[in-house]
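Student: Mind having a look at this structure? Questions to follow.
The values are calculated or read from the model by the stated rules, or taken from the named source; none is laboratory data. Not measured: the values here are computed from a predicted model. Counting neighbours? That spans all protein chains shown, and the Cβs are built from the backbone with ideal geometry, glycine included.
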Amino acid sequence: MKDFFLRNNEYHLWATNLLFQSINSISNEDYKKDIGLFFKSIHGTLNHLLVVEKVWYSRLIGDSYVPKSLGEELESNREVLQEKLLQSIIIWKEWIEKFDSLRWQDTFRYKTMRGFEAELLFCDVVQHNMNHRTHHRGQITAAITQLGGPSPEIDYVYYLQTIGK
């Protein structure tokens, strides 16, 4: 499982870099414009991703980061936000590399944003995080296309073909 999650995390790094290349072709006005996404804009959606990455990672390391909201703006500067998101993917990689391979099926207990006790398997927490990234990248690529920008080809199979697997 460790190898699977490491490969998927590398895919997310690859896909996010390609996404940012496309985002960089969008004007700052369009980048922050409310275009009907759940978190309104490309900028809002990227901030949401950073918030959620921080929430889940803090839970995994025994910390408790609780944002004001899931749409909280953590970074207003788009270049700095991109760097923080890329750094977050690297932090997850480092956590996966150090995680005891025998514990993937162990139960992980945490408190939800609403204050309820919950539990998932460690492997499901990591998979959720990766699916969450993919979900919002899909929204952002649709937004880029809607704004007339180039939509990156970031399917997992393209990543595998790129690395020769």
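Student: Considering the stretch 19-40 alone, what residues qualify as being of a type in the set (Ser, Thr, Tyr), outside any helix (DSSP H, G or I) and free of Cβ contacts under 8 Å to residues at least 60 places away in the same chain?
Tutor: The initial filter retains those residues of the stretch 19-40 that are of a type in the set (Ser, Thr, Tyr), namely 22, 25, 27, 31.
Those still in the list that are outside any helix (DSSP H, G or I) too: 25, 27.
Result: Ser27, single match.
Student: Failed condition for Thr141, given (1) assigned to a helix (DSSP H, G or I); (2) hydroxyl-bearing (Ser, Thr, Tyr); (3) over 20 Å from Arg7 (Cα atoms); (4) free of Cβ contacts under 8 Å to residues at least 12 places away in the same chain, with all others met?
Tutor: The single condition Thr141 does not satisfy is (4).
Student: Going residue by residue through the stretch 15-32, is there one that turns out to be under 13 Å from the mean Cα position of the chain (by Cα), modelled with pLDDT of 95 or more and among the small types (Gly, Ala, Ser)?
Tutor: Yes, the conditions are met somewhere in the stretch 15-32.
Student: Given the structure, is Tyr57 at pLDDT below 95, within 17 Å of Asn129 (Cβ to Cβ) and either in a loop (DSSP other than H, G, I, E, B) or in contact with a Ser or Thr (Cβ under 9 Å, 6 or more places away or on another chain) (or both)? Before you say what the answer is, go through the steps one by one.
Tutor: On the way: at pLDDT below 95: no; within 17 Å of Asn129 (Cβ to Cβ): yes; either in a loop (DSSP other than H, G, I, E, B) or in contact with a Ser or Thr (Cβ under 9 Å, 6 or more places away or on another chain) (or both): yes.
No.
Student: Among the residues of the stretch 34-44, is any among the hydroxyl-bearing types (Ser, Thr, Tyr), surrounded by fewer than 20 Cβ atoms within 10 Å (Cβ to Cβ) and under 18 Å from Arg78 (Cβ atoms)? Spell out the reasoning first.
Tutor: From the stretch 34-44, those among the hydroxyl-bearing types (Ser, Thr, Tyr) are 41; that's our starting set.
If we keep only those that are surrounded by fewer than 20 Cβ atoms within 10 Å (Cβ to Cβ) as well, we get 41.
Okay, now just the ones that are also under 18 Å from Arg78 (Cβ atoms), so 41.
Checked the stretch 34-44: at least one residue is among the hydroxyl-bearing types (Ser, Thr, Tyr), surrounded by fewer than 20 Cβ atoms within 10 Å (Cβ to Cβ) and under 18 Å from Arg78 (Cβ atoms).
Student: Under the condition of being of a type in the set (Gly, Ala, Ser) and over 16 Å from the mean Cα position of the chain (by Cα), which residue from the stretch 120-165 is surrounded by the most Cβ atoms within 10 Å (Cβ to Cβ)? Give the steps one after another, and end with the answer.
Tutor: Restricting attention to the stretch 120-165, the residues satisfying the condition of being of a type in the set (Gly, Ala, Ser) are 138, 142-143, 148-149, 151, 164.
Right, trim to over 16 Å from the mean Cα position of the chain (by Cα) and you get 142-143, 148-149, 151, 164.
On the way: Ala142: 13, Ala143: 22, Gly148: 9, Gly149: 19, Ser151: 15, Gly164: 5.
Here the residue is Ala143.
Student: Name the residues in the stretch 44-90 that are in contact (Cβ under 8 Å) with a residue 60 or more places away in the chain and farther than 24 Å from Phe108 by Cβ, would you?
Tutor: Thr45, Leu46, Gln82, Leu86
Student: While we're looking at this one, here's another question. Report the residue count in the stretch 1-13 for those that are in contact with a helix residue (DSSP H, G or I) (Cβ under 8 Å, 6 or more places away or on another chain), among the hydrophobic types (A, V, I, L, M, F, W, C) and more than 19 Å from Asn47 (Cα to Cα). Can you show your working first?
Tutor: Going through the stretch 1-13, the residues in contact with a helix residue (DSSP H, G or I) (Cβ under 8 Å, 6 or more places away or on another chain) turn out to be 1-2, 5-6, 8-13.
With the extra rule that they be among the hydrophobic types (A, V, I, L, M, F, W, C), the set shrinks to 1, 5-6, 13.
Next cut, more than 19 Å from Asn47 (Cα to Cα) only: 1, 5-6.
The total comes to 3.
Student: Separate question: Read through the list (1) closer than 19 Å to Asp3 by Cβ; (2) in a loop (DSSP other than H, G, I, E, B); (3) of a type outside the set (Phe, Trp, Tyr), then give the number of the only condition that Ser69 fails.
Tutor: Of the numbered conditions (1) closer than 19 Å to Asp3 by Cβ; (2) in a loop (DSSP other than H, G, I, E, B); (3) of a type outside the set (Phe, Trp, Tyr), the odd one out for Ser69 is (1).
Student: Kindly check whether there is at least one residue in the stretch 75-96 that is over 15 Å from the mean Cα position of the chain (by Cα), in a loop (DSSP other than H, G, I, E, B) and surrounded by fewer than 16 Cβ atoms within 10 Å (Cβ to Cβ).
Tutor: yes
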